[in-house]
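Novice: The structure follows.
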Amino acid sequence: MRVKRVLIPLFKDEVAPRFDLAAEALMAEVSPEGGFTTEDFLLPHPSADGLCDLVLRKDIDVVICGGIEEEYYHYLRWKRVEVLDNVAGKALAALERFSAGSLKAGDILFSQEDGHAG
Amino acid sequence: MTLVSPSLLASLDFPAILDGLPLGVAVLDREGRVVTVNTALERMTGFSREAARGVPCRHVLRSGICQGKCPASGPVDTEIINRHRRKIPVRISAVPVLDPLGQELFRLDIVEDLSALRELERRLEEPGGIGKLVGKSPAMERIMRLIPAMAQAGAPVMVIGETGTGKDAVAEAIHKLSPRAREPFVRVNCGPMQAEALEAELFGRRQQSGEIAPGAFQRAGTGTAYLSDVGELPEELQVRLVRFLDEEAILPAGGQTPIRSQAKVIASSPSSPESLVRSGRMRQDLAYRLGALRLDLPPLRERPEDIEFLLAHFMEVFAAKFRKKVLGFTPRARRLLLAHDYPGNVRELRNIVEFAVMICPKPSIPPACLPAHLLEQLAAPGEKE
């Protein structure tokens, strides 16, 4: 096992609902033991192409995101990047769940009890 | 005027009402979290109402305005990315629901799928035509002006033209430009088929179990039933078609109870209704009903000015399809192609260009790359390279 480099496109402190509309990203290095360090990146403007470039330039292993268009999803997969999409929740909550080894594509991390989000 | 009492309103099954709507609807609380979504929005976004409940709507709708000017004051055209990673163009309208004191109780986000509209716009913007119809000649421009008008009419339309002139493409274009565009387009070829089978194909059949196997008119619903080669329809079925056009009701084969159908009828034939009546192949009453709105598609030999345009158009289409850098025809090949009279009309020209682009290894297509039968027909000694 080696350190995994994870990128999460951001909207405020949440996983960005849309990959292509994120102008900010959180990059993390997750150790095999589950610990992680994070770093923020700002993009000049929201761009799916820009994010893909960043993913390749930073040698990212895993992208955790919300909605992503099919062509970008397949492009990243083709570049051997794991994509966990349709994730909704706070970025740090997603990262913690990933480092614990239990984050899956499609996970909704907001509290849904009584119809209220956490 | 009878007023609906508040208690009656409160007793209404609100979710069921929303599910009956053809538009996507999200019910949001004051913080913008999803209370529920209707069936249409479940289908559009890929989120079930259980999965969406309590989630901030920006993570369910995922529209172009969710990370910006939300909620918009009026309808906004944007796009969403659904759970299946598909980008869908939509129009979103936010409707606040207020209590008697003017306080916002909740908000409805109404989401209309614009995919069909955008597709239509894209097709209309294609050079020189509507849908698969292509042409620059005055005759074709007139046809393309008539099609939108005929699409708006509920009356039957008859499309007349030789083989390969584009009758099917015209029928599809009329359907796609009509208010029925989102409903089914059901095509039935009335050509050689046993009358009983054709009857079931058109009007449906009552099965032994008592169920009705739907025919074209039931399957079309409020869409379009397109009857190609209508002159081949047996006389007894012509009588039933006349009855349908008059009464908007059909009787399935073996059935006793008529079924209502509001399908628009488009019929096509290589011959005009008058000549079909003269030759005894069409009843006069059906000819009158079908021939009220008619489009006569000119054969390619009567609009030679379209040939060059069509050659260039299809060459571009097939060069892209086969990923070839074909730039044009050699002067000799072009002369041969312009001299041909195209008895198979646009379909024949299209097939010739497809063949030539497919087999040609050069940027300019020489006569040697044209189909052999064409070269034989033209029999121009010294023209072959």
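The values are calculated or read from the model by the stated rules, or taken from the named source; none is laboratory data. Since the model is a prediction, treat every value here as computed from it, not as a measurement. Every residue, glycine as well, gets a Cβ built from its backbone with ideal geometry; the counts of neighbours run over all protein chains shown. The protein model used for the area step is the full one, side chains on, heavy atoms only, and it has no ligands, DNA or RNA in it. Shrake-Rupley method; radii C 1.70, N 1.55, O 1.52, S 1.80 Å.
Novice: Taking the full set of protein chains and a 1.4 angstrom probe, give the accessible area of A:Glu69 in square angstrom, rounded to the nearest 10.
Specialist: Roughly 40 Å² of A:Glu69 is accessible to a 1.4 Å probe.
Novice: Which one, B:Lys167, B:Lys324, B:Lys264, has the greatest fluctuation when you compute a Gaussian network model over chain B with C-alpha springs under 10 angstrom?
Specialist: B:Lys324
Novice: Let me ask you something else. Report the accessible area of B:Thr222, computed with a 1.4 Å probe over the heavy atoms of all protein chains in place, in Å² rounded to the nearest 10.
Specialist: In the full protein context, B:Thr222 sits at about 60 Å².
Novice: While we're here: In terms of solvent-accessible area of protein heavy atoms at a 1.4 angstrom probe, what is the ranking of B:Arg107, B:Arg30, B:Arg243, B:Arg283, highest value first?
Specialist: Result of the area sort, largest leading: B:Arg30, B:Arg243, B:Arg283, B:Arg107.
Novice: Take the Cβ-Cβ distance between B:Asn189 and B:Glu119 as r, set R0 to 22 Å, and report the resulting FRET efficiency rounded to the nearest 0.05.
Specialist: After rounding to 0.05, the efficiency reads 0.30.
Novice: Please give, to one decimal in nm, the separation of the simple spin-label points placed at B:Val97 and B:Gln152, each 7 Å out from Cα toward the Cβ.
Specialist: Result: 3.7 nm between the two label points.
Novice: Could you state the number of Å between the C-alpha centres of the range A:70-100 and the range B:223-282?
Specialist: Their Cα centres are 56 Å away from one another.
Novice: Any idea what Rg and Dmax come out to for the protein assembly as shown if you just take the C-alpha atoms, in Å?
Specialist: Spelled out, the Cα radius of gyration and Dmax of the protein assembly as shown are 30.0, 92 Å.
Novice: Calculated FRET efficiency, B:Ser48 and B:Arg145, Cβ-Cβ r, R0 45 Å, to nearest 0.05?
Specialist: E between B:Ser48 and B:Arg145, to the nearest 0.05, is 0.45.
Novice: Summed for both chains, how many Å² of accessible area, to the nearest 100, are buried between B and A with a 1.4 Å probe?
Specialist: Summed over both sides, the interface buries about 2200 Å².
Novice: Among the residues of the range B:81-105, which ones have their accessible area go down by 40 Å² or more when all the protein chains sit together, as opposed to their chain alone (1.4 Å probe)?
Specialist: Buried by the other chains: B:Ile81, B:Arg83, B:Arg85, B:Lys87.
Novice: Multiply the residue gap between B:Leu375 and B:Glu235 by 0.36 nm, knock off their C-alpha separation, and tell me the result in nm, one decimal place.
Specialist: That works out to 46.1 nm of additional length.
Novice: At a probe size of 1.4 Å, how large is the accessible area of B:Leu101, to the nearest 10 Å²?
Specialist: 150 Å²
Novice: If you count the DSSP beta bridges with both ends in chain B, what percent of them are antiparallel, to the nearest 5?
Specialist: 60 percent
Novice: Can you pull out the trypsin sites (Lys or Arg not before Pro) in the range A:23-102 whose DSSP state is coil and whose Cβ has at most 14 other Cβ atoms within 10 Å?
Specialist: Taking the range A:23-102 and a limit of 14 other Cβ atoms within 10 Å, the loop trypsin sites (Lys or Arg not before Pro) found are A:Lys58, A:Lys79, A:Arg80.
Novice: Further question on the same structure: Tell me, what is the FRET efficiency for A:Val3 and B:Lys324 to the nearest 0.05, using R0 = 45 angstrom and their Cβ-Cβ distance as r?
Specialist: Efficiency for this residue pair is about 0.40.
Novice: Something else: Per DSSP H run of at least 4 residues, take -39500 (n - 2.57); add these up for chain B, divide by its residues and hand me the 222 nm value, nearest 500 deg cm²/dmol.
Specialist: Helices in chain B give a 222 nm mean residue ellipticity of -11000 deg cm²/dmol.
Novice: I've got another one for you. Return the whole-Å distance between the Cα centroid of the range B:174-209 and the Cα centroid of the range A:30-63.
Specialist: 55 Å
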